[in-house]
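The structure appears right after this line, and notes come after that.
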Amino acid sequence: RAAVLEYLDAMSALAGLLLRAIASSLGLRADHFGAQFAEPTTLFRIFNYPPHDAKWGADSFAVGEHTDYGYITVLWQDESGGLQVRSRDNQWVEAPPVPGSFVINLGDALEHNTGGLLRATPHRVRQRAGAAEGRRSFPFFFDPSFDAQMSAVTPLLSPELRARAEQRRAGAPRRWDGKDVTHFEGRYGDYLITKVSRVFPLLCGQTALTQPDERALAAARAAIPARDAG
């Protein structure tokens, strides 16, 4: 427990640094996003992917294509490999482990709030045929406060960046879920509940999250703790 909590503190500090760097790269104040992260929604998971079982077939995946919900994912992976990301030219490329480094994935909420200028990272984990051991990965998700308003920074961008955002939206390949994440208004908690309810419909039914209200939001906060060792 002590090691996990220390790791969470270190990852929160790193994610905050990345957030300030992203704001600066957009020509905004380094602390521009700070108000949305007064009480950041954080989640830490520890995943173990067992070796490929031939019964699932050669075309199966350990995790299929998806994007993360929020702003930033800081991922540490062991040396097993298997992570792939979709490139801008719509090709799947390997993201092999590099000693002493993290993989940084951008999420849907960041794509939303930059008007599509910064795009969420589609990724998946392929099956590792013939692997003798499981694969372990440690993703840390750093997202806005539950009650933060999803506020696009597009009007604050330079004309050049706004034009680039429009070009990227127009030229982007169809998302894995067919959605346009730039179309959303409301609180991050409402947005998160909508996302979670699609992936975990039974959880949605158990906690009455189909139409979020204050009691539903409180239940969601309890179901999605700030510090979850996974």
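The values are calculated or read from the model by the stated rules, or taken from the named source; none is laboratory data. Since the structure is predicted, the reported quantities are computational estimates derived from the model, not experimental observations. So basically every Cβ, Gly included, is an ideal-geometry build from the backbone, and we count neighbours across all protein chains shown. SASA here: full protein model, heavy atoms, side chains in, ligands and nucleic acids out. Shrake-Rupley method; radii C 1.70, N 1.55, O 1.52, S 1.80 Å.
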> How much accessible surface does LYS55 have with a 1.4 Å probe, in Å² rounded to 10?
Replying inline: 150
> Taking the Cα centre of the stretch 104-151 as the origin and placing charges on Cβ (Lys, Arg +1; Asp, Glu -1), which of GLY116, ALA131, ALA148 is farthest toward the positive end of the dipole?
Replying inline: ALA131
>> Quick check on the stretch 1-95: take the gyration tensor over C-alpha atoms, sort the square-rooted eigenvalues as a ≥ b ≥ c, and tell me if it's rounded (a/c under 1.5), prolate or oblate.
In response: oblate
>> Take ARG198 and ALA2, extend 7 Å from each Cα along the Cα→Cβ direction, and tell me the distance between the two endpoints in nm.
In response: 4.3
>> Per residue, how much accessible surface does the stretch 1-101 expose to a 1.4 Å probe? Answer in Å², no decimals.
In response: 58
>> Taking 35 Å as R0, compute the FRET efficiency from the Cβ-Cβ separation of GLN167 and ASP53 and round it to 0.05.
In response: 0.20
> To the nearest Å, what is the center-to-center distance of the stretch 81-113 and the stretch 1-31, using C-alpha atoms only?
Replying inline: 18
> Ignoring ligands and nucleic acids, what accessible area does LEU43 show with a 1.4 Å probe (Å², nearest 10)?
Replying inline: 40
>> Students sometimes get this wrong: rank PHE184, PHE140 by accessible area, probe 1.4 Å, all chains present, largest first.
In response: PHE184, PHE140
